[in-house]
């Protein structure tokens, strides 16, 4: 069963739609704001949808998200019990920032995830801070983390 894959598809498609819609005040870009010509930027590129999908599958333990209880525990152990509880329970999700994500997963794992896919580590942490609350929220529709054994 590909639970995580379906959730990732929904979350990432929603994010892509948001990125395609320019903010209200910037509907007509000024000439100096036109997109620059594509350049090789090395490890500064934002993660692609495929990269993010693979990263989240690695974090959550594959398509069936078997590591979900461990991920929740990691957040709780780093003092983010209130935040992770808001993602698991029904209702609004409390935000986390990139520094909190880096604290939860650690420098070594963040470096490994970023280098493996040639992604800027800070950008990766920022993206994870946006999507992990949504993904955990979607993985816990009943308001509880199902224990898997």
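Looking at the range 87-106, which of the residues that are without any contact (Cβ under 8 Å) to a residue 24 or more places away in the chain and either surrounded by 16 or more Cβ atoms within 10 Å (Cβ to Cβ) or in contact with a helix residue (DSSP H, G or I) (Cβ under 7 Å, 6 or more places away or on another chain) (or both) is nearest to residue 124 (Cα to Cα)?
That would be 102.
Does at least one position in the range 46-69 carry a residue that is in contact (Cβ under 8 Å) with a residue 24 or more places away in the chain, touching a helix residue (DSSP H, G or I) at 6+ places or on another chain (Cβ under 9 Å), over 23 Å from residue 13 (Cα atoms) and part of a helix (DSSP H, G or I)?
Scanning the range 46-69, I find no residue that is in contact (Cβ under 8 Å) with a residue 24 or more places away in the chain, touching a helix residue (DSSP H, G or I) at 6+ places or on another chain (Cβ under 9 Å), over 23 Å from residue 13 (Cα atoms) and part of a helix (DSSP H, G or I), so the answer is no.
Looking at 8, 4 in this structure, which one is in a helix (DSSP H, G or I), over 20 Å from residue 123 (Cβ atoms) and at pLDDT below 80?
Among 8, 4, only 4 is in a helix (DSSP H, G or I), over 20 Å from residue 123 (Cβ atoms) and at pLDDT below 80.
Conditions: (1) under 23 Å from residue 48 (Cβ atoms); (2) surrounded by 20 or more Cβ atoms within 10 Å (Cβ to Cβ). Residue 115 meets all but one. Number of the miss?
Against the list (1) under 23 Å from residue 48 (Cβ atoms); (2) surrounded by 20 or more Cβ atoms within 10 Å (Cβ to Cβ), residue 115 comes up short only on (2).
Can you pull out the residues in the range 134-149 that are exposed (fewer than 14 other Cβ atoms within 10 Å of the Cβ) and either at pLDDT 95 or above or under 19 Å from residue 57 (Cβ atoms) (or both)?
146, 148
Inspect the range 117-133 for any residue being part of a loop (DSSP other than H, G, I, E, B), more than 21 Å from residue 6 (Cα to Cα), in contact with a helix residue (DSSP H, G or I) (Cβ under 6 Å, 6 or more places away or on another chain) and modelled with pLDDT under 95 and give the result as yes or no.
Yes, there is a match, as at least one residue in the range 117-133 is part of a loop (DSSP other than H, G, I, E, B), more than 21 Å from residue 6 (Cα to Cα), in contact with a helix residue (DSSP H, G or I) (Cβ under 6 Å, 6 or more places away or on another chain) and modelled with pLDDT under 95.
The values are calculated or read from the model by the stated rules, or taken from the named source; none is laboratory data. The shown structure was predicted, so the numbers you read here are calculated from the model rather than taken from an experiment. Here Cβ is always computed from backbone atoms with ideal geometry, including for glycine, and neighbour counts include all displayed protein chains.
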